[in-house]
Amino acid sequence: MNYLHDLNIFRFRKGYVYEWDNLPVPMREAKVFLKLIEAYPVHIEPDDLFAGWYGFKTEEEMTAAYPPEPEGALEKLPHKQEGFPTLPDIGALRAHGFHPGSYDTAHHENDYRAILSGGMNQYKTRISEELRNPENSEEKNVFLEAMLESLKGVEMLSYKFAELAKTMAEQAEDAKDRERLLRIEAACRKVPMEPPEDFFEAVQAAYLVRILTSISYVCCVSVSFGNFDRYMYPYYLASKEKGVSDDEILAILLQLYRILDNYGGNDCAISVGGVDENDRDATNELSFLMIRAEKMSKLRSPLFTARIHAGTPKEFLRELVSRELFEIGQPSFYSEERCREAVASRGIAIEEARNWNISTCMNLVMAGQEAAHGWGCKVNTHLPLELALNGGQPLSGTFDLPLKTPPKRSYADIDEVYDQYRSYLRELLHYAMEWQHLETKRMAQAYPNPFIAVLTEDCISRGKDRWDGGARYHNLVMEMMGFANTADAFTAIDALVFEQKKYTPDDFIAAAQADYVGYEDFRDQLLRCAKYGMNNEKADGSARRVLAIASELCEEMRAENRRYLPSLHTLWDDVHWGRGIPAFFDGRRSGEPVNKNAGPATLARRAGPTALVLSAGRLDQIRCSGGQALDVHIGARNLDTDAGRDKIGAFIKTYFALGGLQIQVNALSSETLQKAYDHPEEYPDLLVRIGGHSRYFNEFDNDMKQKFIERFKIEEGADA
Amino acid sequence: MADGLVFDIQHFCLDDGPGIRTTVFFKGCPLRCIWCHNAEGLSAEPQLYYASEKCTGCRKCADVCPENVHSFRETGHDVDFLSCVSCGSCADVCGREALRIAGRRMSAREVLKDVLADKPFYDQSEGGVTLSGGEPLMQGDFACELAELAKINGLHVCVETSGYCTPQTLRQILPFTDLFLFDFKHHDPQLHRRFTGVDNRRILENLRFLSENGKELILRCPIIPGCNDSEPHYRAIAELSEELCGVTAVHIEPYHPFGLSKYRAVGRKAAYVRDELLDRRDAERIRDHIASLTAKPVVIS
């Protein structure tokens, strides 16, 4: 089933805003939230073990449910009104691939442990108590009232499901079916307002809260599901106590994955493993059942994530290091220890930081305590080096914002270039962060989310939206685009300008501006320079330094509860973003991809997965707490034996021991090989194993590549 | 402390012994197995290696070569390997690394430094270093020095060998080796000579010697259609594995043609030209068959 939902909420909302024009803004938003819950049809499918489907069956049904949109609706939206704070013009940044991001309505990570243990009623009580505080400002009380109002949505939704289940039960002919529906009805009349008492009720409760979170976002992306095997374990045990079998638990998990795959987009993370509050391994029976369900469902969503620590049991890792999972890009591995240290580097006590969670594809967040701007700001790391070498001008076009850094054209050594780079980066970041702060604040004031505020620590005591200073922590991810290319450019400049004295900065500028046409020899020399990702201390040193500068500047710019978290996250944007970026000093031509995530630039000669891991391990990833994955390809054949799986498990653990936060291991299949055949530029590091020898796939001629693909197909056929 | 000749050092090798390993490929081999997939490992001298798919036709190589090895015609880049003295001038100017010299003289300490870069992986996975080739024991002193240094540094050491070496070399390396990956190419002495250029008597003596000295051994058995894919050979593999207590496993290595391009790259003609892989299902049948004749584990490598 595929119900229409998601962005259509936004289309709805335009009409609703006017109905409460006379209300204070937070209360208006609470009313819109309730109206959306009311408008959404809910469904229970024939085999559903818990309730959770919502949305419209057809476009027509959806259109019919729209409220009539008042004339000129769009213009009447709050942020279009006169007097709404305007933003500084930063078109110059955007023109150069430096995107300060937008207002992030999503990325809230619920603290399901707290929600389940006290039920949603606990928040009602807390808000009511806070309202009695005589020292409250009027503004605060208005916000608290709106939070209380939004809580009405919880029972509105759960009762909708309960009523539907009741009606369906009355019509059910089969006794078992009736029993199933009555069980759903009973649960939905109880949770999530009351705490659940077993696994089924807990899943029902958590899922209902997840729906409410999505609806409140006004967009349905980026709602993760947290450390599921840990917060659900007490309820699992309670069910086992009642005689519920693992097969029944498994059936619930399978439905959960199906439903998350439908509504989770490609960015709903769910995690297994990690440690408990006493630092003991937290792997439990539910963790293994979750992996089993993932292997059975074979869905790419939810994002299955595994928290690995030094004491992770071998058998658990063996289950995760699996051909079935790797071939669908699951799971993503996170280091328990390193991620905790990264979160602590934001100024959170290490004891508290152990409660970090994985949100979407790489965010490390404190569940229920944080306003997490996961969409973040895209930082063009090339631009400050362009400005540094080219006397304050970019390599293409102009930069139309005032810069205070005095331009330079000659340098005595590479340290001076780094200093100039730092100075420009500071100015560029300042522009971006100031814009981002103003944008977030004004949007938070125009469109606050009182429901998410209920679920975010400190918003109740402060009576504020999470983005408006309400949340305990407020973090913005700063994506350092092309950091490896920038590092490689520094390495090349140091080698060719200052050590070998063969070229000047002007030669670099002329060659890059010509897109290396007529400068092929020069480019060959650039390509021969050491590069990040080859386990070369010098090249890795440049990468470390480039990242350290970014980290220092981000730390320097923190203000109030806001922190800026450097990240090497690019997802697939390394290709798309690269298309709009001119040639660069590392030999990269105009429009070519930049490096992906924490990986090397595509021009870097591949030196194998261990070299890559050693290089990435040299980066100070702890300070780069916005999160980043390292992508590694291995042959799927290595996953066919326990010994092979143990080796890959050891490989992952080594990366974490060296300081890595996250690693994604992809297994080679004929499908991947075919893609690599069709687009060799996107798979420069694809390693294949042939008769005791590893070679890069791109080193074969096309005839051999085809043969190789045929062999894989035969092997896959044999495995089937 | 003689230098050795090495044509490759490969990291993250998962099939050359326990754990994550680095494999050092020694250049030079006394055998001439017609199916050899490491053509650049045969000669005991450095040699030019030309990867034609990387050549952009820039002709810089032709400009610098003192022996006029490189010429460019309508058909493309011609390399006169016979005239090449392996001076490396062309490799130095080749911007795309289409040309390189296969074979580098290195001291054991230099090799060890490269190998030790991956120590964190060996520690985590109980892996180590594998000496392979070519034939590592053809450079006996160098191999022993490297193995000894590796042991001193706490590494697990594997030697992958054809077994064609002097008993002295074997005795010398014995204390520094944890596991031998020992080739068994043909049971029949005459056919062994025909397909590999040497008799198998010495090889089998060395194999027994290692087993009698309590060394752990894995038999590595290439399966080459038309050469050794026969029932008597399968039986011989099984019998040998049963007879020798040191043998802990049998690895079946099905033929593949992916080494053929390497012959072109070093200007040699391949003696065994077969484009097709040994079918995976056939390989599994052979594995199962041998496994039915021995109690030792038999796996496809």
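The values are calculated or read from the model by the stated rules, or taken from the named source; none is laboratory data. The shown structure was predicted, so the numbers you read here are calculated from the model rather than taken from an experiment. Backbone-built Cβ (ideal geometry, glycine too); neighbour counts: all protein chains shown.
Structural remarks
- Scanning the stretch B:255-266 finds no residues that are surrounded by fewer than 17 Cβ atoms within 10 Å (Cβ to Cβ), more than 13 Å from chain A (Cβ to nearest Cβ) and touching a residue at least 40 places away in the same chain (Cβ under 8 Å).
- Residue in the stretch B:158-173 that is surrounded by fewer than 19 Cβ atoms within 10 Å (Cβ to Cβ), of a type in the set (D, E, K, R) and over 22 Å from B:Val111 (Cα atoms) present: yes
A quick yes/no check of all residues on (1) within 12 Å of chain A (Cβ to nearest Cβ); (2) in contact (Cβ under 8 Å) with a residue 60 or more places away in the chain; (3) part of a loop (DSSP other than H, G, I, E, B); (4) over 28 Å from B:Leu146 (Cβ atoms):
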{"residue": "B:Leu48", "(1), (2), (3), (4)": "no, yes, no, no"}
{"residue": "B:Glu53", "(1), (2), (3), (4)": "yes, no, no, yes"}
{"residue": "B:Thr56", "(1), (2), (3), (4)": "yes, no, yes, yes"}
{"residue": "B:Ser71", "(1), (2), (3), (4)": "no, no, no, yes"}
{"residue": "B:His77", "(1), (2), (3), (4)": "no, no, no, yes"}
{"residue": "B:Leu82", "(1), (2), (3), (4)": "no, yes, no, yes"}
{"residue": "B:Asp92", "(1), (2), (3), (4)": "yes, no, no, no"}
{"residue": "B:Val115", "(1), (2), (3), (4)": "yes, yes, no, no"}
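- Given (1) in a strand (DSSP E or B); (2) buried (at least 23 other Cβ atoms within 10 Å of the Cβ); (3) not basic (Lys, Arg), index of the condition B:Gly17 fails: (1)
- Subset of the stretch A:294-303 (residues that are crowded, with 24+ Cβ neighbours inside 10 Å and under 15 Å from the mean Cα position of the chain (by Cα)): A:Pro302, A:Leu303
- Matching residues, the stretch B:1-21, being facing chain A (nearest Cβ under 8 Å) and within 11 Å of B:Leu131 (Cα to Cα): B:Gln10, B:Asp16
- Residue within the stretch A:659-680 that is more than 28 Å from B:Glu253 (Cα to Cα), within 14 Å of chain B (Cβ to nearest Cβ) and free of Cβ contacts under 8 Å to residues at least 24 places away in the same chain present: yes
- Test: residue in the stretch B:276-292 that is in contact with a strand residue (DSSP E or B) (Cβ under 6 Å, 6 or more places away or on another chain), at pLDDT 95 or above and in a loop (DSSP other than H, G, I, E, B): no
- Helices (runs of 4 or more DSSP H) contained entirely in the stretch A:513-612, each with at least 3 residues that are modelled with pLDDT under 95: A:520-528, A:573-579
- Evaluation of B:Phe121 against (1) surrounded by fewer than 24 Cβ atoms within 10 Å (Cβ to Cβ); (2) within 11 Å of chain A (Cβ to nearest Cβ); (3) among the hydrophobic types (A, V, I, L, M, F, W, C) (one fails), failing number: (1)
- Out of A:Gly599, A:Gly591, sole residue that is touching a Gly at 6+ places or on another chain (Cβ under 9 Å), in the same structural domain as A:Pro384 (by TED's automatic domain parsing) and surrounded by fewer than 19 Cβ atoms within 10 Å (Cβ to Cβ): A:Gly591
- Whichever residue in the stretch A:611-654 is β-branched (Val, Ile, Thr) and within 11 Å of chain B (Cβ to nearest Cβ) and, among such residues, is surrounded by the most Cβ atoms within 10 Å (Cβ to Cβ): A:Val613
- The listed residue being crowded, with 18+ Cβ neighbours inside 10 Å and at pLDDT below 95, out of A:Asp104, A:Asp111: A:Asp104
- Scanning the stretch A:249-289 for residues that are closer than 14 Å to A:Tyr233 by Cβ, in contact (Cβ under 8 Å) with a residue 40 or more places away in the chain and among the acidic types (Asp, Glu) yields A:Asp276, A:Glu277, A:Glu285.
- Filtered residue count, the stretch A:290-338, keeping only those that are among the basic types (Lys, Arg) and either part of a strand (DSSP E or B) or without any contact (Cβ under 8 Å) to a residue 60 or more places away in the chain (or both): 5
- Cβ pairs under 7 Å, 6+ apart, first in the stretch A:509-536 and within 12 Å of chain B (Cβ to nearest Cβ) and on the phi > 0 side of the Ramachandran plot, second crowded, with 19+ Cβ neighbours inside 10 Å and among the hydrophobic types (A, V, I, L, M, F, W, C): A:Tyr516/A:Ala583; A:Asn535/A:Ala607; A:Asn535/A:Ala611; A:Asn535/A:Leu614
- B:Ala62 being at pLDDT below 95, farther than 26 Å from B:Asp183 by Cα and away from chain A (no Cβ under 14 Å): no
- Among the residues of the stretch A:276-301, those identified as out of contact with any Ser or Thr (no Cβ under 9 Å at 6 or more places or on another chain) and either of a type in the set (Ser, Thr, Tyr) or over 21 Å from A:Ala251 (Cα atoms) (or both) are A:Asp276, A:Glu277, A:Asn278, A:Asp279, A:Arg280, A:Ala282, A:Ser287, A:Ser297, A:Ser301.
- A:Glu351 vs. criteria farther than 29 Å from A:Val244 by Cα, part of a helix (DSSP H, G or I) and either touching a Phe, Trp or Tyr at 6+ places or on another chain (Cβ under 6 Å) or not basic (Lys, Arg) (or both): yes
- Candidates A:Asp198, A:Asp177, filtered to the one that is among the charged types (D, E, K, R) and closer than 13 Å to A:Tyr235 by Cβ: A:Asp198
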